[in-house]
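Here is the structure we will look at.
The values are calculated or read from the model by the stated rules, or taken from the named source; none is laboratory data. Keep in mind that what you see is a predicted model, and the values were worked out from it rather than measured. Every residue, glycine among them, receives a Cβ derived from its backbone with ideal geometry; neighbour counts consider all protein chains shown.
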Amino acid sequence: MSIVPNKFTFGRNETFSLRYSWIPKGIGACLKNHKVFSKDSAPLELGVGKNMVKSIKYWLEAYQVIKEDGTLTVFGEQVFHPETGFDPFLEDEATLWLLHWKLCSNPEKATMYYWFFNDFRKKSFTKNEVLSQLNDWLSGSRKVSEKTLDRDTALLLRSYSAEENEKNFEESLDHPFGALALITKAQELLYKSENKLREIDPLILGYALMDFIEDSAKQKDLIEVKKEPIKSIPVQDLMNSNDNPSLTGIFRLNENSFVSLIEELANLHQSGFELRETAGMKQLFLLDSSPTSEDLLEEYYSKLS
């Protein structure tokens with residue numbers, strides 16, 4: 001899931017963030033005709049303008065709900081199918097955490113979000129500081145216009161800023177991820193994004209963990225590298241690694257909270273996970289009966305019904 005030089009995406013959101021209604025709207029249209037986004041009649045069928053059609057398609061792909069051909073991903077089918085999905089109308093906050101994970105672990109389609117939540121670690125910052133570090137990170141890669149980067153940065157901060165989205169009900173519908181409070185607006189030009197205790201179910205964190213592991217296994221098959229499947233992972237690598245998405249970075253969890261969630265997950269699935277400490281280093285072992293990401297999602301949503 002690491003970034004590939006010159007394979008990244010900026011500016012395809014048409015300056016719109018994902019809205020609550022767009023997932024059921026987009027999925028409903030795709031199930032009727034998976035080529036709906038390439039049709040001239042798409043604005044009429046979706047009931048939005050041309051720019052919003054492009055934005056809906058982009059976000060559904062970036063959040064890994066649909067594939068490029070308009071068919072549903074396994075994740076999209078499992079969570080958002082209108083008849084069989086666990087939460088097709090985003091009624092449970094855990095679904096927002098899942099979407100947030102899918103976005104921020106998608107470097108090619110959602111480069112801005114991948115970079116900000118995995119690599120940008122300042123706790124207090126301005127928009128200009130974000131832009132400056134983003135330009136440093138992109139140095140030597142394909143050129144992206146300053147206007148595009150500025151708009152994408154502004155949209156990220158607006159989408160995730162809890163204080164801004166609490167101003168009115170309509171604003172919160174346009175920017176549902178403000179509910180996660182991953183970014184707060186401290187002053188007029190100052191933002192904060194801190195790693196701390198957050199109310200995330202261990203099964204949701206477990207889904208992210210297994211999703212990463214399963215994706216890594218697929219990538220190894222694609223490049224035809226014969227390696228043993230992952231049997232253990234240093235907990236430190238899950239928190240801070242240049243090669244993996246950072247679970248603590250994406251979910252903005254401090255170390256104690258993260259380790260506690262991993263321990264809870266291991267206790268829930270003692271035949272699947274084991275946390276061991278050797279020479280002062282914690283290691284998460286994946287046992288033969290470790291659940292799949294799909295198993296963990298089904299387990300989480302089934303306990304709600």
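The rows are residues; the columns are (1) modelled with pLDDT of 80 or more; (2) not assigned by TED's automatic domain parsing to the domain that holds Asn244.
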residue: Asn168; (1), (2): no, yes
residue: Glu171; (1), (2): no, yes
residue: Asp174; (1), (2): no, yes
residue: Ala179; (1), (2): yes, yes
residue: Ile183; (1), (2): yes, yes
residue: Gln187; (1), (2): yes, yes
residue: Leu190; (1), (2): yes, yes
residue: Tyr207; (1), (2): yes, no
residue: Phe212; (1), (2): yes, no
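State whether the residues of the stretch 65-86 include one that is within 26 Å of Thr148 (Cα to Cα), within 12 Å of the chain's Cα centre (by Cα) and either assigned to a loop (DSSP other than H, G, I, E, B) or not acidic (Asp, Glu) (or both).
Yes, there is a match, as at least one residue in the stretch 65-86 is within 26 Å of Thr148 (Cα to Cα), within 12 Å of the chain's Cα centre (by Cα) and either assigned to a loop (DSSP other than H, G, I, E, B) or not acidic (Asp, Glu) (or both).
Somewhere in the stretch 229-239, is a residue outside any loop (DSSP other than H, G, I, E, B), modelled with pLDDT of 90 or more and among the small types (Gly, Ala, Ser)?
Looking through the stretch 229-239, none of the residues is outside any loop (DSSP other than H, G, I, E, B), modelled with pLDDT of 90 or more and among the small types (Gly, Ala, Ser).
Only one of Leu284, Leu265 is in contact with a helix residue (DSSP H, G or I) (Cβ under 8 Å, 6 or more places away or on another chain), at pLDDT 80 or above, on the phi < 0 side of the Ramachandran plot and not in a strand (DSSP E or B). Can you tell me which?
Leu265
Tell me, yes or no, whether the stretch 45-59 has at least one residue that is in contact (Cβ under 8 Å) with a residue 24 or more places away in the chain and under 12 Å from the mean Cα position of the chain (by Cα).
Yes, that holds for at least one residue.
Confirm whether Lys109 is in a loop (DSSP other than H, G, I, E, B) and either basic (Lys, Arg) or farther than 22 Å from Val36 by Cβ (or both).
Taking the combined requirement at face value, the residue satisfies it.
If Arg142 passes every condition in (1) charged (D, E, K, R); (2) surrounded by 17 or more Cβ atoms within 10 Å (Cβ to Cβ); (3) at pLDDT below 95 but one, which one does it miss?
With (1) charged (D, E, K, R); (2) surrounded by 17 or more Cβ atoms within 10 Å (Cβ to Cβ); (3) at pLDDT below 95 applied to Arg142, the lone miss is (2).
Pull up the stretch 11-27, narrow it to residues that are touching an Asp or Glu at 6+ places or on another chain (Cβ under 9 Å) and among the small types (Gly, Ala, Ser), then point me to the one that is nearest to Val53 (Cα to Cα).
Residue satisfying both the conditions and the ranking: Ser17.
Considering Thr126, Thr148, Thr95, Thr84, which residue is under 29 Å from Tyr300 (Cβ atoms), polar (S, T, N, Q), at pLDDT 95 or above and surrounded by fewer than 17 Cβ atoms within 10 Å (Cβ to Cβ)?
Answer to the selection: Thr84.
Name the single residue, out of those in the stretch 113-156 being small (Gly, Ala, Ser) and not in a helix (DSSP H, G or I), that is farthest from His175 (Cα to Cα).
The extreme case among them is Gly140.
Of the residues that sit in the stretch 73-112 and are in contact (Cβ under 8 Å) with a residue 40 or more places away in the chain and of a type in the set (Ser, Thr, Tyr), which one is farthest from Pro24 (Cα to Cα)?
Thr111
Condition (residue is among the basic types (Lys, Arg), more than 23 Å from Gly11 (Cα to Cα) and either assigned to a helix (DSSP H, G or I) or not assigned by TED's automatic domain parsing to the domain that holds Asp150 (or both)) applied to the stretch 89-103: is it met by at least one residue?
no
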